[in-house]
Amino acid sequence: MKLVLLSGAGLSAGSGIPTYQERTMSGEFKRFFSASEAQALQILQSHKHIFDGATPNNAHHECKKIEEFCRAADIEFQHFTLNVDSLIEKENGTTTHIYGCVNDPVTVVNSRFSEASIIDDLIWSQDDILVILGVSDNGYPIGILEANVLQAGGQVINYNIEHNSNLFCEQIIGSVTDTLKSIEVTSKLPLVFKELDLGTYKVDTYSIKINGLNYVMYFSPSIHFYNEMDLLEDIQTFIGHQLTHSSFEVKFDYEPNIEGGVDTQFKAPVGPPLSLLNLNVLGLTLCSLINIHKNQYGGEFYTASAAHSRLVRFYNKLAKQYCNTLKYGHWLEINLNEEMYYVIKTH
């Protein structure tokens, strides 16, 4: 399973980088391709200030978040870009520049007449996803690439400012800067949850890695989980809905804690605490997995309870940051027995 991004001029347009169409209208663009290597390098250097002064936009940030989720969930990730700017690198993301990068101008000059064979040679499978970001047919023959992915049974999503009538895949129309949402992309991944049999009920699990530490996320049937705690009726009364077999309790724990049984449940890992960046990745990963689970299992309600008071602040941040993005009807905070509980209802 792999998730591949192919980005073009539309990704960086929001940062003030000229689009492919704008560049082709420039006389210097034409001279760049007809000039000698030395002259082409001089032309590129005269425009380098445009690239150096540009800053990443929201779409570059979302690309980085997609990459972070894939790393955490052990999903193969690749980002190929037709752009020569270094905005993905400025966002601390990774990418393969098909036509070189202005950070090394010689690579751009040497790639003037290159073909994008590196992405043409990719082998696709039915679990793969290709996300096309701001690429026009003039910039790259994406119809051929789309056909390769769809023929293998994979998924293709095309983000662009206008509809492409030559494509058969899902299309998100609008500025990539405004429309790209990492959690909507990662939710398309056909992840396989492992089933844990607890005797009276079964739990869906998925393992993730954050900053070298292994965690496990659990989805337990809420009606069984809260029955054992005598809280089911209280929660149902508060939210005004009856929890069903389509309701799941969400938990995550440090993997070594599981081996220690009840005595080590939810114990903080030994060593330095997770940084703010690590916590952001963890939050993104947890919320993405909730959305993926919802898509696969048809979850109607997801409940969660903070096992320790120190987790309440973290849960509150997740509730505030991802409530609208996850497209849930509401995220309720419930104080029962001096602990914090959360209930989210899907659309």
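Readers should treat all values here as calculations from the given coordinates under stated rules, not as data from a laboratory. Nothing here was measured: the structure is a model prediction, and the numbers come from that model. Neighbour counts are summed over all protein chains in view; Cβ atoms, including those assigned to glycine, are modelled from backbone coordinates with ideal geometry.
Whats the longest run of the chain with zero GluC sites (Glu not before Pro) that are DSSP loop and have at most 15 other Cβ atoms within 10 Å?
Details: sites that count: GLU115, GLU162, GLU228, GLU338.
It works out to 1-114.
Which of PHE219, PHE193, PHE314 moves the most in a Gaussian network model of the chain with Cα springs under 10 Å?
Taking springs between Cα atoms under 10 Å, the residue moving most is PHE314.
Between THR244, THR95, THR19, which gets the highest mean-square fluctuation from a Gaussian network model of the chain, Cα cutoff 10 Å?
THR244
What's the Kirkwood radius of the chain in Å, using all Cα pairs?
Numbers: mean 1/r = 0.0447 Å⁻¹.
The Cα-based Kirkwood calculation yields 22.4 Å.
How far, in nm, would the chain grow between ALA152 and ASP104 when pulled straight, counting 0.36 nm per residue and subtracting the alpha carbon separation?
Between ALA152 and ASP104, full extension yields 13.7 nm more.
Using only alpha-carbon positions, what ratio does the radius of gyration of the stretch 15-120 give when scaled by 2.2 N^0.38 Å? Kindly include the intermediate steps, with their values, before the conclusion.
Details: Rg = 15.0 Å, N = 106, 2.2 N^0.38 = 12.9 Å.
Against the compact-globule rule of thumb, the ratio is 1.16.
With springs only between Cα atoms under 10 Å apart, run a GNM on the chain and tell me which of GLY298, GLY174, GLY240 wobbles the most.
Ranking GLY298, GLY174, GLY240 by mean-square fluctuation puts GLY240 first.
Taking only the alpha-carbon atoms of the stretch 128-210, what semi-axes of the equivalent ellipsoid follow from 5 times the gyration tensor eigenvalues under a square root, in whole Å, largest first?
Details: eigenvalues 231, 47, 19 Å².
Rounded to whole Å, the semi-axes are 34, 15, 10.
Taking only DSSP H segments of four or more residues, each worth -39500 (n - 2.57), what value at 222 nm results for the chain once the sum is divided by all its residues, to the nearest 500 deg cm²/dmol? Show your work: numbers first, answer last.
Numbers: 16 runs with 134 residues, N = 347.
Counting only the DSSP helices, I get -10500 deg cm²/dmol.
For a paramagnetic label modelled at 7 Å from the Cα of GLN242 toward its Cβ, which residues of the stretch 285-317 fall within the zone defined by backbone nitrogen distances under 16 Å?
Label zone hits: 300-301.
Compute the FRET efficiency between GLU37 and ASN280 as 1/(1 + (r/R0)^6), taking r as their Cβ-Cβ distance and R0 = 56 Å, and round to the nearest 0.05.
Working: r = 44 Å, r/R0 = 0.78.
After rounding, the FRET efficiency stands at 0.80.
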